[in-house]
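S.K.: Got a structure here, written out as C-alpha cells. Questions coming.
The values are calculated or read from the model by the stated rules, or taken from the named source; none is laboratory data. A quick note: this is a predicted structure, and the numbers were derived from the prediction, not measured. FYI the Cβ positions are ideal-geometry reconstructions off the backbone, even for glycines, and counts take in every protein chain you see. Surface accessibility is based on the protein's heavy atoms, side chains included, excluding ligands, DNA and RNA. Shrake-Rupley method; radii C 1.70, N 1.55, O 1.52, S 1.80 Å.
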Amino acid sequence: MELSTSYRDIWKVSIPIIIGSAAQNVVAMTDSVFLYYRSEDDFAAIGFVATFYIIVAAIGFGFSRGGQIMMALRAGQKRPEEVGRTFYSTVYFELILAGILFLFMTYGAYWLFASLVDSDVIFYKALEYLDTRKWGVFASYFGVACVALYTGIARPVFIVIDTVILAAVNIILDRALIFGEWGFPEMGIAGAGLASTIAEYVALVIFIIYMILDRKNRKYKIFKLPKWDPAIIREIIGLSVPIVAMSVVGLGSAFVFFGLVENFGERALAVTNIVRIAYLILSIPAWGFCTGINTMASYFVGSKQPQHVVTVLWKTSILCFGITALMVLPLLVFPQEVLYPILGDERAYLIDAAYPIFWVLGGILTTFSFGSIFFNGLIGAGDTGLALKLQFGCALGYVALILVVVKSSWGTMALAWSVEIIYWIVMFIFSYWYFRRPRWKKPVATPEKKPAPELAE
C-alpha cells in the first residue's frame, strides 16, 4: 500500500468508505422511512431508539477504529503479518464487547429509557424495537472488524458492495415484516428491528466469503488463527478507549438531545426525526471522509511522513465541503421535490414544519465538514487523549446549551439545532490549533516488535 496527498488517493481511500461507513445510517434511515408510513407514534419512537442503537453500533465501530489505525500503521511500516495478528485481536475483542452490550440492552435499557422518556407510547415502542434489534450486535461488531481490515490496508472497495447488499436486504425485509406483506407476520416497529438484524447477518456472511476468495490478503496471514495476544489487545484498547469515549460522548449528547426535544411535545419529536433523516443522508460523505482521514493520517505518521498530514486534512475538508454542499443545496431550494418521493404526502405537515430547520442543518453540515475532518486527523495522528478531552469539553457545553434552550420560554426547535453549529466551530478551532503547533509531529507510540506467537492452522 502506497499513499500520497493527491486528490486521487484521497478519493481512492475515501469514496468506498463513504458508502461503506453509511451502513448504520442506511439501516436507521430505512427503518424510519417505513415506519413513517405506518404511524406517527412509530415514527417518533424510531427517532429516539435508533439514535440509541447507533450509539451501541458506534462503540463497536470505535474499537474497530483503534484496530484500523494499528493496521494502517503496520501497513505503513511494511509489516503485513502484524496486520493479520491485529485483525484477529480486533475480532476477539469485538465479540467479547458484543456480548457485554447485548446483556446491557437486555437488562439495562428499560431503566435507561425510563429515565429519559415521559411518553408511555414512545417508551414501550422503543423497547419493542430493541427486543429484536439487539441480536444484530454480534454481526455488527464482527463486521466492523472486517471493515477495519480492508480500510486499514486501503482496499475498501468491497465494502461498497457489501453495504449495498445490506441496504437491499433491509429494505425488502422492512416492507415484509413491518406491514406483514408476502405472507410474513405484521410486526410493526419490532419487524423493523428484526429486518435490520437479519440484514446484518447476511452482509457479514457475504463479507466472510469474499475474504476467503480474496487472494490479495494472503500476505496478511488472515487464515492462520493466532492465539490470544494480550499485548495487542492492550494496544487496541489504549488507542480505542478515547475514540469510543468520543463516540459515546458525541452521539450520547445527540441521544440526550432527542430525549430533551420531547419537552416540546411528541409532534416536535416527529419533526426532529424528519430532520434526522435528512442529517443521516447528508452527513454520509463527512463520516466517510473522517474514517478515510484516520487511515491516511495514521499511514503518514507510521511511514515517517507527518509533514503530509496537514496537507491531506485541508484537501479532504475541501472535498467534503464541496460534496456536502452539492447534496444540501437541492434540499434547501426544493425541499418538497427532494423529500416527498421518500416520505410521500401522508404527513406533509411534518415536512413543512421541518423546513426552517433545514437551513440550520445547512450551517451544521458546513461547519461539520471542516471540524470533523480536522478532529479525526488529530485521532489518526495518534493523540487520542487530547481528542477525548476536546470532545468531552465540547459535548458538555453542547448539552448545557441545549438544556438552556429547551427549558427556556424563548427556546425553539431551530435554535436548539443551531447549538451544534457552535459545537463544530469550537472543535475545528482547537483541532486546527493542535496542528499549528510545531511539536505535534511526534510518532505514535508502538511496542517493539516481538516474535509472533505460534499460529494454529
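S.K.: For an R0 of 51 angstrom, estimate the FRET efficiency from the Cβ-Cβ distance between Arg234 and Ile172 and round to the nearest 0.05.
M.R.: On the way: r = 42 Å, r/R0 = 0.83.
Computed FRET efficiency for Arg234 and Ile172: 0.75.
S.K.: Then there's this: Residues of the range 64-190: accessible area per residue at 1.4 Å, in Å²?
M.R.: On the way: 4740 Å² over 127 residues.
For the range 64-190, the per-residue accessible area is 37 Å².
S.K.: Quote the relative contact order of the range 122-191 in percent (integer), defining contacts as alpha-carbon pairs under 8 Å separated by 6+ residues.
M.R.: Values: 39 pairs, mean separation 23.5, N = 70.
About 34 percent, as a whole number.
S.K.: I would also like to ask the following. Go through Lys221/Lys304; Lys12/Lys221; Lys221/Lys315; Lys12/Lys227; Lys12/Lys216 and tell me which ones have a Cα-Cα distance over 27 Å in this structure. Don't jump to the answer; show the numbers that get you there.
M.R.: Values: Lys221/Lys304 25 Å; Lys12/Lys221 24 Å; Lys221/Lys315 34 Å; Lys12/Lys227 34 Å; Lys12/Lys216 17 Å.
The pairs that break the limit, which is 27 Å between Cα atoms, are Lys221/Lys315; Lys12/Lys227.
S.K.: Name all residues of the range 270-305 having a backbone nitrogen under 18 Å from the label point set 7 Å from the Cα of Asp118 along its Cα→Cβ direction, giving them as ranges.
M.R.: Only 270-273 pass the distance filter.
S.K.: While we're here: What does the extension gain come out to for Arg8 and Trp433, with contour length at 0.36 nm per residue minus their alpha carbon separation?
M.R.: Values: separation 425, 0.36 × 425 = 153.00 nm, distance 2.71 nm.
Between Arg8 and Trp433, full extension yields an extra 150.3 nm.
S.K.: Would you please state the base-10 log of I(q)/I(0) at q = 0.12 1/Å for the range 94-236, with intensities from the Debye formula using one equal scatterer on every alpha carbon?
M.R.: So the normalised log intensities work out to -0.64.
S.K.: Right, here's the next one. Once you have the Cα-Cα distance between Asp352 and Glu337, take 0.36 nm times their residue separation minus that, and quote the gain in nm to one decimal. Walk me through the numbers before you get to the answer.
M.R.: Numbers: separation 15, 0.36 × 15 = 5.40 nm, distance 1.22 nm.
Stretched fully, the Asp352-Glu337 segment lengthens by 4.2 nm.
S.K.: Here's a follow-up. Please give, to one decimal in nm, the separation of the simple spin-label points placed at Val157 and Ile96, each 7 Å out from Cα toward the Cβ.
M.R.: Using points 7 Å along Cα→Cβ, the separation is 3.6 nm.
S.K.: Can I ask one more? Label-point separation (nm) for Lys227 and Asp214, each offset 7 Å from Cα along Cα-to-Cβ?
M.R.: If labels sit at Lys227 and Asp214, their model points lie 2.8 nm apart.
S.K.: Over the range 135-175, what percent of the accessible surface lies on carbon and sulfur atoms, probe 1.4 Å? Before the final figure, lay out each step's value.
M.R.: Working: 1090 of 1290 Å².
Roughly 85 percent of what the probe reaches on the range 135-175 is carbon or sulfur.
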